[in-house]
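Novice: Just passing along the structure, written as structure tokens.
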Amino acid sequence: MSVKHDWYQNDEKVVVTVLLKNAVDKNYKCEIESEKVHLSAENYELILELLNPVVPEKSSHRATPHKVEITLVKRDFGKWTMLEKKQEVKTELQCNTKSKKPQDWDKLAKEVEKTDDAEGDAAVNALFKKIYESGTEEQRRAMNKSFQESGGTVLSTNWNEVKKDKVEVKPPDGTEFKHF
């Protein structure tokens, strides 16, 4: 049984939402450990190897008619970069759609040029859209962070480079960036 889950956070806690209808009727069980969450129900199992430790005694879970909400209290105050230690690898194994080989961005750009008759900004936007759609979760996260923090002047697909610090504004040569 395939069930979607998502998460959000603040500095003190992480909330994992599992879209599992009638979880109580399906005899769901949720075990919260310091670095692991295990949710099971009829024909469904979710195991999360958490990126950082939580406090199981203060954490909780509850079922509603449409979902199970797991609230994890963080042991250490602050933001997490991702929910799981090996999130990208698990996603690749579960979805079986991501390629483990590096993206050939030049090949992708040529495909867009061949298939898209758009000119100027429309062609560039189509290229970025194609890169975003075919990228991994980390590449999409890097693109979003770099574009937002740089005011649209930087677009990177390298999460390891982008996650370290705030992305600086880098306007094109001969131009000046102005904050409004």
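The values are calculated or read from the model by the stated rules, or taken from the named source; none is laboratory data. Small disclaimer: the values here were computed from a predicted structure and weren't measured. Positions of Cβ are backbone-derived with ideal geometry, glycine not excepted, and every protein chain shown enters the neighbour counts.
Novice: State the number of residues belonging to segment 140-178 that are under 13 Å from the mean Cα position of the chain (by Cα) and more than 14 Å from residue 81 (Cβ to Cβ).
Specialist: Number satisfying all stated conditions: 1.
Novice: Please indicate, with yes or no, whether at least one residue in segment 138-147 is part of a loop (DSSP other than H, G, I, E, B) and either of a type in the set (Lys, Arg) or touching an Asp or Glu at 6+ places or on another chain (Cβ under 8 Å) (or both). Walk me through how you get there before you give the answer.
Specialist: Just the residues of segment 138-147 that are part of a loop (DSSP other than H, G, I, E, B), to begin with: none.
Within segment 138-147, none of the residues are part of a loop (DSSP other than H, G, I, E, B) and either of a type in the set (Lys, Arg) or touching an Asp or Glu at 6+ places or on another chain (Cβ under 8 Å) (or both).
Novice: Then there is this: Could you please find all residues in segment 34-55 being under 16 Å from residue 69 (Cα atoms) and either in contact (Cβ under 8 Å) with a residue 60 or more places away in the chain or of a type outside the set (A, V, I, L, M, F, W, C) (or both)?
Specialist: Residues satisfying the conditions are 36, 38, 40, 44, 45.
Novice: Now a separate question. Note down all Cβ pairs under 9 Å where the first residue falls in segment 1-29 and is in contact (Cβ under 8 Å) with a residue 60 or more places away in the chain, the second is exposed (fewer than 13 other Cβ atoms within 10 Å of the Cβ) and hydrophobic (A, V, I, L, M, F, W, C), and they're at least six residues apart or on different chains.
Specialist: Partner pairs satisfying both residue conditions: 11/77; 12/77.
Novice: Can you name the residue in segment 145-180 that is at pLDDT 80 or above and β-branched (Val, Ile, Thr) and is also surrounded by the most Cβ atoms within 10 Å (Cβ to Cβ) among such residues?
Specialist: Only one residue tops the list, namely 162.
Novice: Would you mind telling me which numbered condition in (1) part of a loop (DSSP other than H, G, I, E, B); (2) in contact with an Asp or Glu (Cβ under 7 Å, 6 or more places away or on another chain); (3) loosely packed, with under 15 Cβ neighbours inside 10 Å; (4) not β-branched (Val, Ile, Thr) residue 38 fails?
Specialist: Among (1) part of a loop (DSSP other than H, G, I, E, B); (2) in contact with an Asp or Glu (Cβ under 7 Å, 6 or more places away or on another chain); (3) loosely packed, with under 15 Cβ neighbours inside 10 Å; (4) not β-branched (Val, Ile, Thr), residue 38 violates only (1).
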